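Below is one structure, written out as structure tokens; the observations come after it.
The values are calculated or read from the model by the stated rules, or taken from the named source; none is laboratory data. The structure presented is a predicted model; accordingly, all values stated were derived computationally and were not measured. Using ideal geometry, Cβ is built from the backbone for each residue, glycine included, and neighbour counts are taken over all protein chains shown.
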Amino acid sequence: MIETDNLRKVFIDHYGLKGEKPLLFFAPGRVNLIGEHTDYNGGFVFPCAIQYGTYLLMRLTADDNSIKLASINNPERTVISITEHFSKQDVRWFNYPLGVVEQIVKKGIRIKGMEMLFYGDIPNNAGLSSSASIEVVTAFALNHLLESGLDLIEMVRMSQKAEQEFAGVNCGIMDQFAVGMGKANHAIFLNCNTMEYKLVPVPLSGYKLIIANTNKPRSLADSKYNERVAECQLALAFLGEQFSIKSLGDLGFPQFFKAQNVIPEEVIRKRARHVISENQRVLASVSCLLKNDLSQFGLLMNASHDSLRDDYEVTGFELDVLVDESRKIPGVLGSRMTGAGFGGCTVSLVRKEVIPQYVENVGREYKAKTGITADFYVAEIDDGVRLIENN
């Protein structure tokens, strides 16, 4: 965690001492343990919040009619006049908080001038939901300072809409939900179709979740993500001729297996096969953890990655190398990509005693095969968005 005094000093250096002291808020990143690319298909996911995330210092300025955005991580800063309709900004990160402000305005909530300073310690380009973290912490801070009375689920939905409508990524609800609703030492079993959820204890006794960052630029992630969304919608259209379903998540695997040939294109059939089989893996994973069966859960993690590699085709060379090398280490129960893919991170279930060996061996082999140095992080399962300090 960043020293809050240092964060406050940067805020005052930039915005001055005038007005009230800013409040400090935090929203975590997330890692999805299993259930990838199922959320926008109305399926099941199983994410958890982690200790890395986004800090936001914010105060209202009653005598001002502008939104001021600054970040310790990025040099760009801006001042935007308050209006009913905001324009998308060229600087990408501006659009995450600004999209949330627009959602607040659409709710009919009167906003005021505001000064915002962000700092994030989520690894760059890792696919650990830095954008959702920014959106949810912004929504939570605005709701608190404006005394809007929104509940947390509503703030989560608004954050998702901000990413879809303002940032232009057709994301599902998983990232924002995990960031908002996370609980320490628990994962969230979420039905993305109904928004029903259950907090499931994650009994990691003797094991740790290790995140490995490929450090590969994720230039394809957004475009391929939207492409996969379209492919799944096409699969749904074909299957909808046989079944009364609103999403691929409504379909069981036995039903799909019998009817899959109604999808004429093999590629589209593979996309649907991943989504529907991944749904079953999420259900099985929840059962495993409730029975404290980490070994079987690890096997399901492996099967998830293999499906993402072969049927959904969103892994890529670097992610596959990390997973393959991870599985060679004794004491690793399972390893898979997490996030949108095409770079980003893997998550592995590793016995505590072998973590140094794991980092050394996997890091060495990954560097030799890709020419890139991977970064490794021990993930602690943390709480969701919150107010840290009042003054």
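Residue by residue, here is whether (1) modelled with pLDDT under 95; (2) of a type in the set (A, V, I, L, M, F, W, C); (3) under 17 Å from the mean Cα position of the chain (by Cα) holds:
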site: 87; (1), (2), (3): yes, no, no
site: 100; (1), (2), (3): no, yes, yes
site: 123; (1), (2), (3): yes, no, yes
site: 131; (1), (2), (3): yes, no, yes
Do the conditions hold for residue 342, that is, is it assigned by TED's automatic domain parsing to the domain that holds residue 297, within 25 Å of the chain's Cα centre (by Cα) and at positive phi?
yes
Residue pairs within 6 Å by beta carbon, gap of at least six or interchain, first lying in region 238-249 and without any contact (Cβ under 8 Å) to a residue 40 or more places away in the chain, second surrounded by 14 or more Cβ atoms within 10 Å (Cβ to Cβ) and β-branched (Val, Ile, Thr), listed first then second, are 238/262; 238/263; 242/262
Residue under question is residue 72, and the condition is that it be out of contact with any strand residue (DSSP E or B) (no Cβ under 6 Å at 6 or more places or on another chain) and modelled with pLDDT of 90 or more; does it hold?
no
Checking residue 292 against (1) surrounded by fewer than 19 Cβ atoms within 10 Å (Cβ to Cβ); (2) of a type in the set (S, T, N, Q); (3) touching a residue at least 24 places away in the same chain (Cβ under 8 Å); (4) in a helix (DSSP H, G or I), only one condition comes out false. Which one?
(4)
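Quick grid of which residues meet (1) surrounded by 14 or more Cβ atoms within 10 Å (Cβ to Cβ); (2) touching a helix residue (DSSP H, G or I) at 6+ places or on another chain (Cβ under 9 Å); (3) farther than 30 Å from residue 193 by Cβ:
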position: 7; (1), (2), (3): yes, no, yes
position: 51; (1), (2), (3): yes, no, no
position: 64; (1), (2), (3): yes, no, yes
position: 70; (1), (2), (3): yes, yes, yes
position: 86; (1), (2), (3): yes, yes, yes
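Residue-wise test of (1) among the aliphatic types (A, V, I, L, M); (2) under 24 Å from residue 170 (Cβ atoms); (3) not in a helix (DSSP H, G or I).
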site: 89; (1), (2), (3): no, yes, yes
site: 102; (1), (2), (3): no, yes, no
site: 108; (1), (2), (3): no, no, yes
site: 111; (1), (2), (3): yes, no, yes
site: 117; (1), (2), (3): yes, no, yes
site: 128; (1), (2), (3): yes, yes, yes
site: 134; (1), (2), (3): yes, yes, no
site: 145; (1), (2), (3): yes, no, no
site: 149; (1), (2), (3): no, no, yes
Reported set for region 343-383 where residues are in a strand (DSSP E or B) and among the acidic types (Asp, Glu) is 375
Can you tell me which residues in region 309-330 are acidic (Asp, Glu), surrounded by fewer than 18 Cβ atoms within 10 Å (Cβ to Cβ) and either farther than 15 Å from residue 345 by Cα or not assigned by TED's automatic domain parsing to the domain that holds residue 354 (or both)?
310, 313
